[in-house]
């Protein structure tokens, strides 16, 4: 539909075509012998940094931990990347539901991020005095699963093979690997009638555009997922985690489900 808007620094030549670094890591993960997509071994919960963290927070090594990261513009304020930013306030209801399901949530990030309102069972590690480089790497590796967005930090749980639910993902040409994972893209809709783009080929072209103004020139706009859509995605993903389904076979591209929302306010796979 439209010309690709690729950053060539994110791509490598492989098997006669260009692949981005997410796909390249997926290929490495497949060849490492682990179907779960892991490239690194998971950290030991007896690591001294983790033991200190557990002691300080009251979280137990036996708890079901969910790590959360929602990209904001404070760490790296680059205008062309603003469509990757996420409003964490829309996640509040989903976080409460997770706690009700028995999970302990640890919010990752840096001190420039919007502090979370107090929520029982949710620890705002990003703005806490406990934040350290070691824990930034270790915490996603011990999580039952990770909820993330389109950011560099998303690589960490992927490297460990931690199951991931990526919400508000953008751009479309840098999709994370891992066959158990879900990636819910930011909804793109027609500016004229509001109809959502749900066909993969059309979304695959529009979703590569990094700037809203350019997307608008083609007659489309993009938005964040609503609180209701986030809650539905989180609860749907929890069901798959708790069902403990067998590892998907190593067939085809090392990539999980890629979803969007449709005009009936439902999650559906991009096809």
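Derivation of every value follows stated rules applied to the coordinates shown; laboratory data play no part. Predicted model, so just to flag it, every value in this text is computed and none were measured.
Side notes on the structure shown:
- Taking the three principal axes of the alpha carbon atoms in segment 131-271, the coordinate ranges are 46, 33, 31 Å, sorted in descending order.
- For the chain, built as a Gaussian network whose Cα springs stay under 10 Å, the top-fluctuating residue of 140, 61, 118: 118
- Rounded, prolate or oblate (a/c below 1.5 giving rounded, otherwise prolate when a/b exceeds b/c) for segment 162-210 by Cα gyration tensor: prolate
- The separation of segment 214-261 from segment 107-129, counted between C-alpha centres, amounts to 24 Å.
- Cα-only Debye scattering, segment 69-157: base-10 log of I(q)/I(0) at q = 0.16 Å⁻¹: -0.64
- Segment 8-269: relative contact order in percent, alpha carbon pairs under 8 Å with at least 6 residues between: 21 percent
- Cα gyration tensor, segment 105-145 - rounded (a/c under 1.5), prolate or oblate: oblate
- For the chain, built as a Gaussian network whose Cα springs stay under 10 Å, the top-fluctuating residue of 252, 207, 194: 252
- Beta bridges per DSSP with both ends in the chain, % antiparallel, nearest 5: 35 percent
- Diffusion coefficient, µm² s⁻¹, Stokes-Einstein with Kirkwood Rh over alpha-carbon pairs of the chain at 20 °C and 1.002 mPa s: 111 µm²/s
- CD proxy at 222 nm, helix term only [per DSSP H run n ≥ 4: -39500 (n - 2.57); per residue of the chain; nearest 500]: -8000 deg cm²/dmol
- Within the listed set 178, 152, 141, the Gaussian network model of the chain (springs between alpha-carbon atoms below 10 Å) gives the highest mean-square fluctuation for 152.
- Tilt relative to the chain, helix 48-57 - C-alpha long axis, 0 to 90 degrees, to 10: 90 degrees
- For the chain, the longest principal axis of the Cα atoms and the long axis of helix 227-243 meet at an angle of about 60 degrees.
- Cα convex hull, segment 195-247: 124 Å³ per residue, rounded to a whole number.
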